[in-house]
Amino acid sequence: MKIKLITLLLIFTSQLMALVSIQPVEIGEQKGVSGGIEIGLETKRGNTDKDSYKGDIKVMYDSNASYLTWLEISGEYGEANNVEDTNKIYAHLRYIHKLTQETIRYEAFLQTQEDKFKAIEYRRLAGAGLRFKIFNTPIGGKGYYGLGAFYEDIRYTNPAIDPDESEVRVNTYLAYAINFSKKSSLAYTLYYQPIIDEFNDYVLTNQLELTLQVYEQLYLKFSASYDRDSRPPKGIKKKYDFTQSTTFVYKF
């Protein structure tokens, strides 16, 4: 009973990242329905009054034969000294299908996000591409390369300064993971997404994640991300965002 209570407290008081996991997945690894949940509350009182609410969920279905699909949804809201300083939401739906038995996959995805403090009223995209397994090591390492494109529609919170944008971007990525055991892993992803006819206008995303099992279905996750937008909205001062966090994840 004591262990279960500690587990619940850790889940509900940990600080969260935007995504449940960046671990690359393979068809047939987790047959049926699986996923993970992160929810949390951060409260500070005294010299600084701050409240932060975050929640993430990922649900995946693996056919164990030819395809898998997953949905991720996350949201975050925060206030400091009664002034809103965080307000964002994100959702991503992806479908992966076998083209060859071991190496080549086809994937299609839909995504939507809002981020008030990046001046994004909404960003919606739809895309597709190919996914190649580039290596698979005996010690549990696996690597993937993805190449495709997506159509992007963005509306900013101040259209007088930043007019709406609609364009096609190249979507290319590298994803790597190594399993130290059945329950512990290290994963890294790199996304490079330039406009298809203007490669100087790009979005670059790096994510690193170490996941360690704590108890049964409870995991400790160390995460770091670095995002760069070569041409951010005019009201945004910096071209990059860096985040690091230690979180707890409940997997099912």
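The values are calculated or read from the model by the stated rules, or taken from the named source; none is laboratory data. This one's a predicted model, so the numbers in the text were calculated from it and none came from an experiment. Quick reminder, even Gly has a Cβ in these numbers, built from the backbone with ideal geometry, and neighbours come from all protein chains shown. We work out accessible area using only protein heavy atoms, side chains counted, and drop any ligands, DNA or RNA first. Shrake-Rupley method; radii C 1.70, N 1.55, O 1.52, S 1.80 Å.
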- Plugging the Cβ-Cβ distance of Glu102 and Gln23 into 1/(1 + (r/R0)^6) at R0 = 22 Å yields, to the nearest 0.05, a FRET efficiency of 0.70
- Given a Förster distance of 45 angstrom, what is the FRET efficiency for Ala128 paired with Asp51, based on the Cβ-Cβ distance and rounded to 0.05? 0.65
- Convert each backbone phi in the range 193-206 into a coupling constant with the Karplus relation 6.51 cos²θ - 1.76 cosθ + 1.60 (shift: θ = phi - 60°), then list the ³J(HN,Hα) values in order as whole Hz, x for Gly and Pro. 10, x, 4, 4, 10, 8, 5, 6, 9, 9, 10, 10, 10, 10
- Task: Report the charge-dipole magnitude of the range 32-251 in Debye, nearest 20, computed about the Cα centre from +1 at each Lys and Arg Cβ and -1 at each Asp and Glu Cβ.
- Result: 740
- Query: Counting only heavy atoms of protein chains, what accessible area per residue, in Å², does the range 32-251 have with a probe of 1.4 Å?
  - Reply: 54
- Item | Percent RCO, i.e. relative contact order, over the range 32-251, from Cα pairs under 8 Å lying at least 6 residues apart | 11
- Task: Could you list the GluC sites (Glu not before Pro) in the range 138-218 that lie in coil according to DSSP, counting only those with at most 11 other Cβ atoms within 10 Å of their Cβ?
- Result: none
- Does the range 105-166 classify as rounded, prolate or oblate by the C-alpha gyration tensor (a ≥ b ≥ c root eigenvalues; a/c under 1.5 gives rounded; else a/b over b/c gives prolate, otherwise oblate)? prolate
- Message: Explain nothing, just compute: Karplus ³J(HN,Hα) = 6.51 cos²θ - 1.76 cosθ + 1.60, θ = phi - 60°, for every residue of the range 75-83 in order, whole Hz, x for Gly and Pro.
- Response: x, 8, 9, x, 9, 10, 6, 6, 10
- Note on the structure: A 1.4 Å probe over the protein heavy atoms gives the range 32-251 a carbon and sulfur accessible-area percentage of 57
- Query: For labels at Lys31 and Lys116 in the simple 7 Å Cα→Cβ model, what's the distance in nm?
  - Reply: 4.7
- Task: Starting from the Cα gyration tensor of the chain, multiply each eigenvalue by 5, take the square root, and state the resulting semi-axes largest first in whole Å.
- Result: 29, 28, 15
- Global geometry of the range 148-252, whether rounded, prolate or oblate, following the gyration tensor of its Cα atoms and the 1.5 cut on a/c: prolate
- Express in nm, to one decimal, how much length is gained between Thr43 and Ser230 on full extension, taking 0.36 nm for each residue of separation and deducting their alpha carbon distance. 63.9 nm
- Message: 7 Å from Cα along Cα→Cβ at both Tyr61 and Asp164: what's the point-to-point distance in nm?
- Response: 3.3
- Query: When the helices in the chain are scored as -39500 (n - 2.57) per DSSP H run of 4 or longer and the sum is shared across all residues, what 222 nm value do you end up with, to the nearest 500 deg cm²/dmol?
  - Reply: -1500 deg cm²/dmol
- Task: Can you figure out the FRET efficiency of Tyr95 with Tyr240, using R₀ = 25 Å and their beta-carbon distance, to the nearest 0.05?
- Result: 0.20
